[in-house]
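The values are calculated or read from the model by the stated rules, or taken from the named source; none is laboratory data. This one's a predicted model, so the numbers in the text were calculated from it and none came from an experiment. Cβ placement follows ideal geometry from the backbone for every residue including glycine, while neighbour counts extend to all protein chains displayed. When the accessible area is computed, the model is the full protein with side chains, heavy atoms only, and any ligands, DNA or RNA have been set aside. Shrake-Rupley method; radii C 1.70, N 1.55, O 1.52, S 1.80 Å.
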Amino acid sequence: IGERFPTLDRIRQREILEEKSKRFACVPLFAESVGINFKAMTDDLRKELFDTAEKNPQFADGFGRGLGSNIKFFEQSLQDEIFERAMKNSEFTRGFGYSHAFHFIAGDKNEQKRIFEIADKNSHFSIGLGMGFAYLFGHLSNETLQQVFERTATDNEFAFGLGLYLGFNFHPLS
């Protein structure tokens with residue numbers, strides 16, 4: 001639904017937003033796919049999606065992940081608006097931080113430094129960043145693993161997000 005969401009008429013979009021906001025289990029995944037396709041949205045729909053993120057924490061988390069995953073493909077003014085909104089909503093920020101783990105491993109040293117600087121200033125971004133690294137844990141280079149472990153020693157929120165998601169990713173050997 002999220003992938004086709006931009007092509008639907010406004011009445012159907014509103015119905016889906018209202019309905020999906022009530023179904024707890026699917027809200028974050030729906031919101032993530034909407035965020036991924038955000039560039040194809042009209043300005044009034046974008047505003048409505050931001051408003052929904054303000055009212056619904058599950059939507060905000062998934063929406064932040066989706067927007068964060070494609071942030072580099074948006075024009076600078078939209079990147080700035082998304083970043084500004086993300087820093088004002090803790091659930092949005094956490095999802096936004098999660099997606100930046102992917103940017104970290106794909107980025108150069110300057111990008112990595114910039115991401116850690118954001119985490120230094122925003123605890124929810126840091127939690128999400130830790131969660132993102134935990135999701136990617138088995139695919140991290142030795143150098144990135146070293147950076148992750150060093151960060152856990154000085155950033156409790158990052159360590160919390162990392163530990164929380166590592167617990168989901170590792171299963172007992174039985």
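Ignoring ligands, DNA and RNA, how do Asp51, Asp61, Asp80 rank by accessible area with a 1.4 Å probe, largest first?
Final ranking, largest accessible area leading: Asp80, Asp51, Asp61.
How large is the dipole of the chain about the Cα centre if only Lys and Arg carry +1 and Asp and Glu carry -1, each at its Cβ, rounded to the nearest 20 debye?
In debye, rounded to 20, the chain gives about 280.
For the chain, count all C-alpha to C-alpha pairs, find those more than 22 Å apart, and express that count as a whole percent of the total.
I get 43 percent for the Cα pairs in the chain exceeding 22 Å.
Modelled label-to-label distance, Asn70 and Thr154, 7 Å Cα→beta-carbon offset: nm?
Calculated label separation equals 3.5 nm.
So if the hydrodynamic radius of region 56-123 is defined as the Kirkwood radius over C-alpha pairs, what does Stokes-Einstein give as its diffusion coefficient at 10 °C and 1.306 mPa s, in µm² per second?
133
What percent does the relative contact order of region 73-148 come to when contacts are Cα pairs within less than 8 Å and at least six residues apart?
So the answer I get is 33 percent.
Over the chain, what percent of the accessible surface lies on carbon and sulfur atoms, probe 1.4 Å?
With neighbouring chains kept in place, the figure for the chain is 53 percent.
Per residue, how much accessible surface does region 10-87 expose to a 1.4 Å probe? Answer in Å², no decimals.
I get 52 Å² per residue for region 10-87.
Expected output is a single nm value to one decimal: the length gained when fully extending between Asn110 and Asp43, i.e. 0.36 nm times separation in residues minus the C-alpha distance. What is it?
20.9 nm
Obtain the nm distance between the two label points defined at Ser141 and Glu19 by a simple spin-label model: each point lies 7 Å from its Cα along the Cα-to-C-beta direction.
So the two model labels end up 4.6 nm from each other.
Could you let me know the centre-to-centre spacing of region 34-85 and region 113-174, using Cα atoms, in angstrom?
Result: 23 Å between the Cα centres.
What does the helix-only formula give at 222 nm for the chain: each DSSP H stretch with n ≥ 4 adding -39500 (n - 2.57), the total divided by the residues, and the result rounded to the nearest 500 deg cm²/dmol?
Taken over the chain, the calculation gives -23500 deg cm²/dmol.
If we count chymotrypsin sites (Phe, Trp or Tyr not before Pro) as exposed when they sit in a DSSP loop and have at most 12 other beta carbons within 10 Å, what is the longest stretch of the chain that avoids them all?
Here the longest run is 25-169.
Which shape class, rounded, prolate or oblate, goes with region 102-174 when its Cα gyration tensor gives a ≥ b ≥ c as root eigenvalues, a/c under 1.5 marks rounded, and past that a/b bigger than b/c marks prolate?
Cα axes put region 102-174 in the oblate bin.
Only Cα pairs within less than 10 Å get springs; with that Gaussian network setup on the chain, which residue of Ile118, Ile71, Ile127 has the largest fluctuation?
Ile118
Would you check the accessible area of Arg85, probe 1.4 Å, heavy atoms only, in square angstrom rounded to 10?
For Arg85, the solvent-accessible surface is approximately 70 Å².
When the dipole is taken about the Cα centre of region 65-153, and only Lys, Arg (+1) and Asp, Glu (-1) are charged at their Cβ, what size is it in debye, to the nearest 20?
Using Cβ point charges on Lys, Arg, Asp and Glu, region 65-153 gives about 160 debye.
Using alpha carbons only, how many degrees (0 to 90, rounded to 10) separate the axis of helix 142-154 from the longest principal axis of the chain?
It is inclined by approximately 90 degrees.
Counting pairs of alpha carbon atoms under 8 Å apart in space and at least six apart in sequence, what relative contact order in percent does the chain give?
Answer for the chain is 16 percent.
Taking all protein chains together and a probe of 1.4 Å, list Ser141, Ser99 from the most accessible to the least accessible.
The residues order as Ser141, Ser99, largest area first.
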